[in-house]
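One structure is given here, and the rest of the page talks about it.
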Amino acid sequence: MAKDKKNYNPFKSLIWKSIFRTAVPTEKRGRMMQVLNNVFLHLHPVAVPKHSVKVKYTWCMGGLTFFVFLVLTVTGVLLMFYYRPTVENAYTDIIDLGETTPLGIMREIHRWGAHLMVITVWLHMFRVFMTGAYKPPREFNWAIGVILLVLTMLLSFTGYLLPWDQLAIWAITVGSNMAAATPLLGREGPGAALVSIGDINLVTPQSDAKFGLLGESEVRGMALLRFYVFHCVAFPLVAVVFMAVHFWRVRKDGGVSGPM
Amino acid sequence: MRESIQHFINTLSQPTISFLILFFLFFFIFPPNAWFHRINRKLGLEALWTVKGGIAIFASMTALLIFGGFDANFRSIILKPDNVPIILLLFGSIFFLWLSMHQAMQNDRRLRGDEPPEEWVKESDRKVLVWPDLVYIELIAMVLCMVLLLVWSIVLKAPLEEPADPSATPNPSKAPWYFLALQEMLVYFDPWLAGVVFPTLIIVGLMAIPYMDTDRSTSGFYSYEKRRTFISLFLFGWLVLWVYMIIVGTFLRGPGWNFFGPFERWDLHKVVALNNVNVSEIVYVKMLGQTLPDGILIREGPGILLILVYFLVIPPLLAKTSLKGFFNRMGSVKYSFFIFFCLTALSLPLKMLSRWFLNLKYFIATPWFNI
Ligand code: HEM
């Protein structure tokens, strides 16, 4: 091989082919196989209508939301190596992240990425609305999208507590106070007194909706642990499942929408 | 000179004034029906969505930001690390609003001339291969997005305040910015409404949109005229009730959740006199000159009546009059849901207006719940 260096093409090499199953294709059939033979590219159809690849139409917002989600997953896993969700350690672990651990700007990427994802998901929804792409047969995929929207905001919200600084606990306190006001189920909500057996009131600071959210009656250590588990395990898993359904439905509903 | 401009902006940005201006201009800029559309055209407001209009919008937003940047107070609020995303949101939402309206206007023109929309591809089955036509666009988008994220992360350190201290409540305590529209609602509604009922209705209402607006002929391309009612109402919710409220909540609310103009120093001791009254007091004491009746049902009767009229009398009335065509197209079930969501969303601006102009506290005030 070394002899005819001029003709050596890494995209046709044994190693490349073993990984990607084909050389980099230049003709139509090969290009179709490229998509079919790759588990990630296989999220796509082989061919799509011309209008749907126009950046002017989709702004790539759905795709970018997914991309930012992936970036957050990678940086999030790295952060988990160094972060302990306890009242004693959380704050100092975050300081160490910036000063002594070899992670550089991972915390920054994760935090600003989280904000960015909230913005891109809003803009994606805005695009879908403005193109009327939610109309039949895509109405259920829009509903799945709304669930993804809520999950994105919940992911961001649960992550907000983890640095365990003043910003964190008071923002979460403000948020979780809303749960305390849930009608019937919150300690300060209307009708809470009605939920009782005889004289025993069932909705108390130890048993209401806010308690259910935090795992205790105020934002303390149990809430930190609970939000950590929601943030790192439960919500991402649920989000991945809904994203899978979302992408699958985009294809089943006939691909990205276009004029009839 | 600079001070008088700053003073002017401070005054203008008060929710009472800025919201009123927005509220009354909004439906002329985004007309929901033929009447508004005629005036919109007469005033030449469609020019906002031309390239020149877009440049003008962005130039003025940037100019305002730069002008504000000279003021230390303004700078400190804007550049607070967690507030930077809101600048991105503001510019992003206005840019994409412009981009979608720009394309919608072009398509409206084409549709009026019996041409297919811009997105239409001649041989409609002409497809392009994902590899490479889509994959390379995705690659470029990912690279640009990563560059943005990297630059942002290098320039701006993630904030970390003092360690959590449950006994030291900061004033003001704010939720994360993407929830601030809800927190801002707390000024006008009790927590069970602003924090629980309204968010639930927002989620349900969003999910319900495709089941109420089912006209497939306007799906899959940007357009305005044929969809104006739905687009106008959706934009009102998104731009005014969500983005605008977030901006007020983040930038213009200081200690005690009092209003502070963008160039006003946050004064911990600012006291705003609150002498709000309920509907019952307005009716019985102010209008009839009596004392409040003892029976709670009689006392709250006027408020209960108002709310019943709002939700039960107005919808059929509209269906018979100005929304007649709409009602006939949608049928009674879809129409009822549609009007319920609209009226609920409108209850926020109505409550805001009655708070400012009538000092209204509650429509219905009971020991168990207030509305
Ligand atoms: C985590 C959040 C989300 C991800 C990763 C995501 C991803 C995507 C992607 C990649 C597409 C393909 C077309 C495009 O990029 O525009 C898409 C389409 C779509 N999305 Fe989402 N999405 C999310 C949230 C939402 C939300 C919040 C909504 C609406 C409430 C929504 C509704 C839709 C609909 C209706 C389509 C089909 C559009 C069409 O056919 O033109 N999605 N989504």
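Below, the figures for the structure above:
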{"quantity": "From A:Val229, A:Val219, residue being within 30 Å of A:Glu188 (Cα to Cα) and surrounded by fewer than 20 Cβ atoms within 10 Å (Cβ to Cβ)", "calculated": "A:Val229"}
{"quantity": "Qualifying residue in the range B:89-110 (condition: in a loop (DSSP other than H, G, I, E, B) and either modelled with pLDDT under 90 or touching a Ser or Thr at 6+ places or on another chain (Cβ under 9 Å) (or both))", "calculated": "no"}
{"quantity": "Hits in the range A:58-84 (condition: without any contact (Cβ under 8 Å) to a residue 24 or more places away in the chain and either under 28 Å from A:Ser257 (Cβ atoms) or within 9 Å of the ligand (Cβ to nearest atom) (or both))", "calculated": "A:Cys60, A:Gly63, A:Phe67, A:Leu70"}
{"quantity": "Test for A:Leu167: is it out of contact with any Cys (no Cβ under 8 Å at 6 or more places or on another chain) and surrounded by 22 or more Cβ atoms within 10 Å (Cβ to Cβ)", "calculated": "yes"}
{"quantity": "Count of residues meeting criterion [more than 11 Å from the ligand (Cβ to nearest atom) and either at pLDDT below 95 or charged (D, E, K, R) (or both)] in the range A:108-135", "calculated": "2"}
{"quantity": "Residues satisfying the stated conditions in the range A:39-54, i.e. exposed (fewer than 14 other Cβ atoms within 10 Å of the Cβ) and either at the interface with chain B (Cβ under 7 Å from one of its Cβ atoms) or in a helix (DSSP H, G or I) (or both)", "calculated": "A:His42"}
{"quantity": "Where A:Leu64 falls short, out of the listed (1) touching a helix residue (DSSP H, G or I) at 6+ places or on another chain (Cβ under 6 Å); (2) under 30 Å from B:Pro117 (Cα atoms); (3) surrounded by fewer than 17 Cβ atoms within 10 Å (Cβ to Cβ)", "calculated": "(3)"}
{"quantity": "Residue within the range B:140-149 that is free of Cβ contacts under 8 Å to residues at least 60 places away in the same chain, at the interface with chain A (Cβ under 7 Å from one of its Cβ atoms), more than 22 Å from A:Trp122 (Cβ to Cβ) and surrounded by fewer than 15 Cβ atoms within 10 Å (Cβ to Cβ) present", "calculated": "no"}
{"quantity": "The range B:147-192 - residue that is among the hydroxyl-bearing types (Ser, Thr, Tyr) and under 30 Å from the mean Cα position of the chain (by Cα) and, of those, nearest to B:Val243 (Cα to Cα)", "calculated": "B:Tyr178"}
{"quantity": "Index of the failed condition, A:Leu36 passing every other in (1) without any contact (Cβ under 8 Å) to a residue 60 or more places away in the chain; (2) aliphatic (A, V, I, L, M); (3) facing another protein chain (nearest Cβ under 7 Å)", "calculated": "(3)"}
{"quantity": "Test: B:Asn83 is part of a helix (DSSP H, G or I), within 14 Å of chain A (Cβ to nearest Cβ) and not acidic (Asp, Glu)", "calculated": "yes"}
{"quantity": "Flag if A:Thr75 is facing another protein chain (nearest Cβ under 10 Å), more than 28 Å from B:Met101 (Cα to Cα), surrounded by fewer than 16 Cβ atoms within 10 Å (Cβ to Cβ) and not small (Gly, Ala, Ser)", "calculated": "no"}
{"quantity": "Tally, over the range A:174-199, of residues that are crowded, with 22+ Cβ neighbours inside 10 Å and in contact with a strand residue (DSSP E or B) (Cβ under 8 Å, 6 or more places away or on another chain)", "calculated": "1"}
{"quantity": "Of all residues in the range A:201-260 being within 13 Å of another protein chain (Cβ to nearest Cβ) and small (Gly, Ala, Ser), the one that is nearest to the ligand (Cβ to nearest atom)", "calculated": "A:Ser257"}
{"quantity": "All positions within the range B:108-138 that are touching a helix residue (DSSP H, G or I) at 6+ places or on another chain (Cβ under 9 Å) and more than 8 Å from every other protein chain (Cβ to nearest Cβ)", "calculated": "B:Asp108, B:Leu111, B:Arg112, B:Glu115, B:Glu118"}
{"quantity": "Condition broken by B:Tyr211, with the remaining ones in (1) in a loop (DSSP other than H, G, I, E, B); (2) within 16 Å of the ligand (Cβ to nearest atom) satisfied", "calculated": "(1)"}
{"quantity": "Helices (runs of 4 or more DSSP H) enclosed by the range B:236-324 - at least 2 residues per element that are surrounded by fewer than 18 Cβ atoms within 10 Å (Cβ to Cβ)", "calculated": "B:296-299, B:301-308, B:314-320"}
{"quantity": "Residue in the range B:210-226 that is farthest from the other protein chains (Cβ to nearest Cβ), counting only those that are surrounded by 21 or more Cβ atoms within 10 Å (Cβ to Cβ) and free of Cβ contacts under 8 Å to residues at least 60 places away in the same chain", "calculated": "B:Asp213"}
{"quantity": "Single residue of the range A:143-200 satisfying the filter (on the phi > 0 side of the Ramachandran plot and facing chain B (nearest Cβ under 7 Å)) that is farthest from the ligand (Cβ to nearest atom)", "calculated": "A:Gly191"}
{"quantity": "Condition broken by B:Ile314, with the remaining ones in (1) free of Cβ contacts under 8 Å to residues at least 60 places away in the same chain; (2) of a type in the set (Val, Ile, Thr); (3) farther than 30 Å from B:Phe230 by Cα satisfied", "calculated": "(3)"}
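This table checks each residue for (1) over 25 Å from B:Asp165 (Cβ atoms); (2) in a helix (DSSP H, G or I).
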position	(1), (2)
A:Leu184	yes, no
A:Gly189	yes, no
A:Val203	yes, no
A:Gln206	no, no
A:Val238	yes, yes
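The values are calculated or read from the model by the stated rules, or taken from the named source; none is laboratory data. Because the structure is predicted, anything quoted here is derived from the model rather than measured. In this analysis, Cβ positions are derived from the backbone assuming ideal geometry, glycine residues included, and neighbour counts consider all displayed protein chains.
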